[in-house]
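Quick note: the coordinates plus some simple rules give every number you see, no bench work behind them. As the structure is a computational prediction, the values presented were derived from the model and not from experiment. Every residue, glycine as well, gets a Cβ built from its backbone with ideal geometry; the counts of neighbours run over all protein chains shown.
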Protein chains: 2
Amino acid sequence: MSHTAYDELCRRQLRLHRLNHLQSIAGWDQSANMPSKGNEARSEAMAEMGGLIHQLATDPQLKDLLARAEQEQLDEVQGANLREIQRSWRAANALPQALVEAKSLAASRCEHAWREQRQRNDWAGHVDGLREVVRLAREEARHLAEASGLSLYDALLDQYEPGMRSTEVDRVFGDLRQWLPGLIQAVGAKQAKEPTLEPQGPFPKSAQRALGEDAMRLLGFDFEAGRLDESAHPFCGGVPEDVRMTTRYRVDSFLPSLMGTIHETGHGSYEQGLRRDWLGQPIAQARSMGLHESQSLSFEMQLGSHPAFVELLRPLIVKHLGDQPAFESANLHRLMTRVQPGTIRVDADEVTYPAHVILRYEIERPLIEGQIEVDDIPALWDAKMMELLGLDTRGNYKDGCMQDVHWGSGLIGYFPCYTLGAMYAAQWFAAMRREMPDLDQRIARGELGAVFDWLRERIWTQGSRWETPELVQRASGETLNPAHFRAHLQSRYLGA
Amino acid sequence: MSHTAYDELCRRQLRLHRLNHLQSIAGWDQSANMPSKGNEARSEAMAEMGGLIHQLATDPQLKDLLARAEQEQLDEVQGANLREIQRSWRAANALPQALVEAKSLAASRCEHAWREQRQRNDWAGHVDGLREVVRLAREEARHLAEASGLSLYDALLDQYEPGMRSTEVDRVFGDLRQWLPGLIQAVGAKQAKEPTLEPQGPFPKSAQRALGEDAMRLLGFDFEAGRLDESAHPFCGGVPEDVRMTTRYRVDSFLPSLMGTIHETGHGSYEQGLRRDWLGQPIAQARSMGLHESQSLSFEMQLGSHPAFVELLRPLIVKHLGDQPAFESANLHRLMTRVQPGTIRVDADEVTYPAHVILRYEIERPLIEGQIEVDDIPALWDAKMMELLGLDTRGNYKDGCMQDVHWGSGLIGYFPCYTLGAMYAAQWFAAMRREMPDLDQRIARGELGAVFDWLRERIWTQGSRWETPELVQRASGETLNPAHFRAHLQSRYLGA
């Protein structure tokens, strides 16, 4: 058997995949299990491993192997895999080691200080650290742009949403910006006339946990290949063969944890549904952050807050928490779809969430491109918050431009993915309804397999075979089209 | 600052230490958390990492670095650390890679088959696989003996108990063999006249867990640097900064889990008590398997089954499980010290346990040295079981020579450590009583710090500074002396 350069690249990818498995489990454990005094040793161990993985990913021999593999005869799947190997090689090699280290250090300092500065509403104290992080992020964008030929912001965006460009984001966010404020107002006016009963707690943690697990079963989660635990900040980690989801519980309120669990189950199902025969290679991996979010939002919003799905959830809620008037299906649905403009993104509902994302996109893009500076952020934030949601954040940095961990920790170009995900999710369900006109009746009959099969075939098993725009086209028959998201919100929130 | 060869060796050890941290957490997770379908990917990831660690440990540059470091001026602690670095280097380099892989493969096959073969009492099916494992273990012993100048069996034993030799094991086990069968008989006769009340369950898992954690607190376990979870086979894993103990629960019986937890807390306290300023270097590590067992048995047997300690445990038991006649202190103590010869080692009590170990030592040593063959094992087992414990195991391979996982998985030379640990533990408490004549009154007053301080100073913080025999001498003022174990058993079980 001849040993090709492509084979050798695959062998090395498999090795990285296995080492990343250990990083992933150690990271999950750090959030879900680790006692406080273990943190220093864990951080050192993971940093050592991170360095080792970076060393393997930047091995000078790779350049020659990649060049040779390009000359080899590869089938379509191998070709796509080679494209993804090249992408990750470029990403790992585009940045000088000194920049990687400087950014990691600056970001970790800025984020650490931010935890207290935010509490104290201390923008003046925060701004110096943030300026340094942004300076290094601009340098990072410059290196990535040079290596890829993309614009500065697109070079960052492409790390999270391969193939997505800011011209496209401009197009869909520009559309959204036209009708979203009006929709928020219309929904507010409608909901003001619909009184809603509040659920009466307490709701013991053990009952909530059992309810969440039953909801995961209803959604097809495979408990032989994953689990649900607790952490301060819910996430979906682990590896495709062993998905580690987390949630958190509030004894006075069960819906945040339940809907959060349904959200993470979407992420988890995507991972569990990746093609097993490709695992270990980049082509097997989930396509992008936006695509990932499209799965969590397919589960949480498209399906989870669907009036017919609420009917399926209700018996589980009653089973674990007992019955009460607030658990009547129509009331549960009103609770799940309540819209209330607020200053905090992570607490936002489905309708107001995109406003938070547009605001951030309209700040971080010119920030990276050098049209604005860090000192300009608060004034821009306040103006856009008033314009988009009618809320005053002047002087309130804590609940304004200091609320997110992203920028301070060097994560720029990520925010659009949240709303791209919401749009993709709406587009998937629109496509499903075209192909299965009785989809809503099927959901009402509890035949959720129709939804999962569609997502599995069109999204999960496709992995990273296509760049995002092509995957969207193949899955739904058209490119990203914000009209579906608009129609979904109008139908769900205005009954239109 | 000059960079010496010794410094470079330390830097490499630190790297190995950090990578082993990830292996250790992944291994703990595999036992405590991992769902079944995660096993293949986890095993592959850990094998990849194992290979990487082996590669770093056998880097050809190490030979020269070790030679140069030997010429450098080192203080006593550095010298001891260099000795331990050399030890692990020799162990990693003594074996040809092909042998390591062949043994790993044969052992994993043999162990896998053993799980079912044992159920079926199928010695004939087991013997071929075991023969191959023993053949490779003999080869391993030959390589290790060549590298170290030790005899075949001592070369294996030295991996688990550095500095211990079979002449010494012969001496102390020979002593034990003289008086143990008589003692077992005398205890049996005495206990036959002492009726004991059985605790009446059920004992809910959550209550047992809270009881176990309270017992751990009583024993000084630091929950900010470790935790207690569940696994099928209890163990103590993790890392010194973050100790991961496990236990298992039976709803009908709480003492096995409670005493098992106290046992593991001894292992955990040793790890938590290792010198932090040495961590990352071999000198910081726990000395040996026997020493480790001496800590778990110090906690479980010397302290845990001490009549005065039972008085401290009783209120915790009542707090979590309610009161009942069987929880009267004297009855609890009788339950904890009940002696009953049985065929199964892992179920054995403190008094009969050494008979199981002597039996195995007297078989595995001639097996490695070639005086007997695998086919001779059952007859020898049956004869020794009758001689030492008066039990008939003929034809009962399942509860006889097929009961342990050790030999089939290639672990030979390990068994003596269990009983060496019991002897060391008795010796520590004898030394404590010489130095603190009021030790038993202190325990009765709940002043357990006296015990922990002694162990911390003499054992835990010594790490691997000395080879085992010197550590024993320094800690207790004499070499290993089985008289202390005999006196302990006579006092505890015969009131003599």
Of B:Leu176, B:Gly188, B:Ala145, which is farthest on the positive side of the dipole of chain B, counting Cα position, with +1 on Lys and Arg Cβ, -1 on Asp and Glu Cβ, and the Cα centre as origin? B:Gly188
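Using +1 on the beta carbon of Lys and Arg, -1 on that of Asp and Glu, and nothing else charged, what's the dipole of chain A about the Cα centre, debye to 20?
Numbers: 55 positive and 70 negative charges, 119 e Å.
The dipole magnitude comes to about 560 debye.
To the nearest 20 debye, what charge dipole does region B:138-266 have about its Cα centre, counting +1 at the Cβ of each Lys and Arg and -1 at the Cβ of each Asp and Glu? Please report the intermediate quantities before stating the final value.
Values: 14 positive and 21 negative charges, 118 e Å.
About 560 debye.
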Where Lys and Arg each count +1 and Asp and Glu each count -1, what net charge lies around A:Asp59 among other residues with Cβ under 15 Å from its Cβ? +4
With each label point set 7 Å from Cα along the Cα-Cβ vector, what nm distance links A:Ser206 and B:Thr167? 6.0
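So what is the 222 nm mean residue ellipticity for chain A from helices alone, if each DSSP H run of at least 4 adds -39500 (n - 2.57) and you divide by all residues, rounding to the nearest 500 deg cm²/dmol? Working shown, then result.
Details: 20 runs with 313 residues, N = 496.
One gets -21000 deg cm²/dmol as the mean residue ellipticity at 222 nm.
Placing +1 at every Lys and Arg Cβ and -1 at every Asp and Glu Cβ, with all other atoms neutral, what dipole size does region A:1-94 have around its Cα centre, in debye to the nearest 20? Don't skip to the answer; put the middle values down first.
Values: 11 positive and 13 negative charges, 39 e Å.
I would put it at about 180 debye.
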Nearest-first distances (nm) between copies at B:Ala57, label 7 Å from Cα via Cβ: 2.8
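Report, in cubic angstrom per residue, the convex hull volume of the C-alpha atoms of the protein assembly as shown. Each step should come with its number before you reach the end.
Values: hull volume 199.8 nm³, N = 992.
Convex hull volume per residue, Cα atoms: 201 Å³.
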What is the distance in Å between the Cα centres of region B:272-344 and region A:1-59? 38
For the A-to-B rotation axis, chain A residue with nearest beta carbon and its distance in angstrom: A:Leu22, 2
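Please state, as a whole number in µm²/s, the translational diffusion coefficient that the Stokes-Einstein equation yields for region A:175-219 at 4 °C and 1.567 mPa s, with Rh defined as the Kirkwood radius across alpha carbon pairs. Intermediate results must be reported in sequence, preceding the final value.
On the way: Rh = 14.2 Å.
After rounding, the answer is 91 µm²/s.
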Can you work out the FRET efficiency for the pair B:Ala483 and B:Lys190, with r the C-beta to C-beta distance and R0 = 22 Å, to the nearest 0.05? 0.55
Counting only backbone N atoms under 17 Å from a point 7 Å out along Cα-to-Cβ of B:Asp375, the residues of region B:128-145 in range are B:128-135
Debye log10 I(q)/I(0) for region B:278-349, one point scatterer per Cα, at q = 0.13, 0.25 Å⁻¹: -0.57, -1.12
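Based on Cα coordinates alone, diagonalise the gyration tensor for region A:79-196, multiply each eigenvalue by 5, take square roots, and list the semi-axes in whole Å, largest first.
On the way: eigenvalues 241, 138, 32 Å².
Calculated on Cα positions only, the semi-axes equal 35, 26, 13 Å.
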Charges on Cβ only, +1 for Lys and Arg, -1 for Asp and Glu, centred on the Cα centroid of region A:106-496; of A:Ser409, A:Ser257, A:Ala232, which one is farthest towards the dipole's positive end? A:Ser257
Over the Cα atoms, compute the radius of gyration (one decimal) and Dmax (the largest Cα-Cα distance, rounded to a whole number) for region B:154-301, in Å. 18.6, 54
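What is the sum of charges around A:Pro204, taking Lys and Arg as +1, Asp and Glu as -1, for the other residues whose C-beta is under 13 Å from the C-beta of A:Pro204? Intermediate values should be presented prior to the final figure.
Values: positive: A:Lys205, A:Arg209, A:Arg250; negative: A:Asp252.
So the environment of A:Pro204 carries a net charge of +2.
Rounded to the nearest 0.05, what FRET efficiency is calculated for B:Leu494 and B:Ala330 with R0 set to 25 Å and r the Cβ-Cβ distance? Numbers along the way, then the final one.
Details: r = 16 Å, r/R0 = 0.65.
With R0 = 25 Å, the Cβ-Cβ based efficiency is 0.95.
For a Förster distance of 45 Å, can you work out the FRET efficiency between the beta-carbons of A:Arg250 and A:Ser148, rounded to the nearest 0.05? Intermediate results must be reported in sequence, preceding the final value.
Details: r = 44 Å, r/R0 = 0.97.
The formula returns an efficiency of 0.55 here.
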How big is chain B along each principal axis, measuring the range of its Cα positions in Å and listing the largest first? 67, 57, 48
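From the square roots a ≥ b ≥ c of the eigenvalues of the alpha-carbon gyration tensor of region B:245-320, which class results: rounded (a/c under 1.5), prolate (a/b over b/c), or oblate? Walk me through the numbers on the way to the answer.
Working: a/c = 2.53, a/b = 2.12, b/c = 1.19.
Prolate is the answer for region B:245-320, as a/c is 1.5 or above and a/b outweighs b/c.
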Plugging the Kirkwood radius over Cα pairs into Stokes-Einstein for region B:358-430, at a temperature of 37 °C and a viscosity of 0.692 mPa s, what D comes out in µm²/s? 246
Pull out the extension gain between A:Glu139 and A:Arg445, defined as 0.36 nm times the separation in residues minus the alpha carbon to alpha carbon distance; nm, one decimal. 104.7 nm
Chain lengthening between B:Arg276 and B:Ile344 when straightened (0.36 nm per residue, less Cα-Cα): 20.6 nm
So what are the radius of gyration and Dmax for the Cα set of region A:1-129, in Å? 19.6, 65
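So, counting K/R as plus one and D/E as minus one, what does the shell of residues with Cβ under 14 Å around B:Thr247 add up to?
Values: positive: B:Lys205, B:Arg209, B:Arg227, B:Arg244, B:Arg248, B:Arg250; negative: B:Glu213, B:Asp214, B:Asp229, B:Glu230, B:Glu264, B:Glu300.
Summing Lys and Arg as +1 and Asp and Glu as -1 gives 0.
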